[in-house]
Amino acid sequence: MWTYPTFLAHRGGGKLAPENTIAALQCGLDHGFHAVEFDVMLARDGVPVVMHDPYLGRTIAGSGNVFDYDAAELVAMDAGSWFGAQFKGEPVPLFTQFVAFCQAHGIWMNIEIKPAPGFEAETGRVVAALTRAMFGLEIARDDPVVPLLSSFSVVALAAARQAAPDVPRALLLDVVPADWREQAIALDAVAIHTNQKNLTPSLARQIKAAGLGLFCYTVNDPGRARELVEWGVDAMCTDRIDLIGPAGPR
Ligand code: G3P
Ligand code: MG
């Protein structure tokens, strides 16, 4: 059963703020959102940071991989200017800072573990262990404020399970393969997260009948959001937080 919010701001504030920044979280809050999806990977020193791309060049200036830099170097970089001059100097957040902001503002988190190739197990382990450490009391009382981890990497999810079995996990899939049920069972996942473009009503029914949560990314059309809810989809993230609000299409 899905005990989490239905509509989440993708990458913090969707397309209305620089993705995966504290400014994005604030933008989401300003639009009424208290639920968010964001991406996490490791810096060179093994400290997790909130980033989508495993390389520089799009949201932060420069070149090379995120894992070529220590977290302190990444935090000093400008992750806002690419989006707009008013966001100049907005830092790359540390994972722990991002989570602390969410905790302080009552924002529920779907934490997407986004490992650079070769760092799958380490990223899963570190992110799960830190999440566990930051939600010890809530985990102990099975509180639905505990974040949900997700990843396209089954290696990362397996490592997360080993490090923190009591932090829930979701299997993230672009196209849902025939063996989705077996994969979910093997990871003890509570939900399937999938690309809304590839979902069918029949598949949605099967996933729900299996007792799993069903989440779609990334839904930007209000009509499509309504349709997916009719299909039984439990939740979705959106880039268009101006069109699809915390209570659904505006
Ligand atoms: O977690 C759902 C979605 O964010 C996956 O795609 O590339 O936006 O991280 P991406
Ligand atoms: Mg993501």
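FYI, it's all coordinate maths here, none of it is from the lab. Because the structure is a prediction, the values reported are computed rather than measured. With ideal geometry, Cβ positions are generated from the backbone for all residues, glycine too; neighbour counts draw on all protein chains shown.
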| query | Got a sec to turn the phi values of the range 129-141 into Karplus ³J(HN,Hα) couplings, 6.51 cos²θ - 1.76 cosθ + 1.60 with θ = phi - 60°, whole Hz, x for Gly and Pro? | reply | 5, 5, 4, 4, 5, 8, 10, x, 5, 5, 5, 4, 9
| Over all pairs of distinct alpha carbons, what does the Kirkwood formula give as the hydrodynamic radius of the range 164-250, in Å? | 13.3
| note | For the chain, the dipole about the Cα centre with charges only on Cβ (Lys and Arg +1, Asp and Glu -1), to the nearest 20 debye, works out at 460
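Please give me, ordered by residue number, the chymotrypsin sites (Phe, Trp or Tyr not before Pro) of the range 1-86 that lie in loop per DSSP and have at most 16 other Cβ atoms within 10 Å. Display every interim value, and only then the final one.
On the way: sites: W2, F7, F33, F38, Y55, F67, Y69, W82, F83; in loops: W2, F33, Y69, W82, F83.
Loop-located and lightly packed - W82.
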| task | Quick one: dipole size for the range 97-168, taken about the Cα centre, charges +1 on Lys/Arg Cβ and -1 on Asp/Glu Cβ, in debye to the nearest 20. | result | 80
| said: Name the residue from I207, H193, C237 whose Cα lies farthest towards the positive end of the charge dipole of the range 187-250, charges +1 on Cβ of Lys and Arg and -1 on Cβ of Asp and Glu. | reply: I207
| task | Return the inverse of the average 1/r over all pairs of distinct C-alpha atoms in the chain, which is the Kirkwood hydrodynamic radius, in Å to one decimal. | result | 18.0
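Could you work out the helix-only [θ] at 222 nm for the chain, with each DSSP H run of four or more residues adding -39,500 (n - 2.57) and the total divided by the number of residues, to the nearest 500 deg cm²/dmol? Could you put the intermediate results ahead of the total?
Details: 9 runs with 80 residues, N = 250.
Here the helix-only value at 222 nm equals -9000 deg cm²/dmol.
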| query | Taking amide hydrogens as modeled 1.01 Å from N in the peptide plane, which residues meet the under 5 Å criterion relative to L173, leaving out close sequence neighbours? | reply | H193, T194, N195
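At a Förster distance of 45 Å, what's the computed FRET efficiency of R181 paired with D242, Cβ-Cβ distance as r, to 0.05?
With a Förster radius of 45 Å, E is 0.75.
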| message | Can you tell me the length gained on complete extension of the stretch Q86 to R141, counting 0.36 nm per residue apart and subtracting the Cα distance? | response | 15.6 nm
| query | So which aspartates and glutamates can K114 reach, going by Cα to Cα under 13 Å and dropping same-chain residues fewer than 8 places off? | reply | E37, D39, D53, E122
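At 0.36 nm per residue, and after removing the present C-alpha to C-alpha distance, how many nm does the segment from A72 to T3 gain when stretched out fully? Before the final figure, lay out each step's value.
Details: separation 69, 0.36 × 69 = 24.84 nm, distance 3.59 nm.
The span from A72 to T3 would gain 21.3 nm if fully extended.
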| said: Please give me, ordered by residue number, the trypsin sites (Lys or Arg not before Pro) of the range 119-148 that lie in loop per DSSP and have at most 12 other Cβ atoms within 10 Å. | reply: R141
| field | Two-site label geometry, E227 and H34: point separation in nm, points 7 Å out along Cα→Cβ | value | 3.2
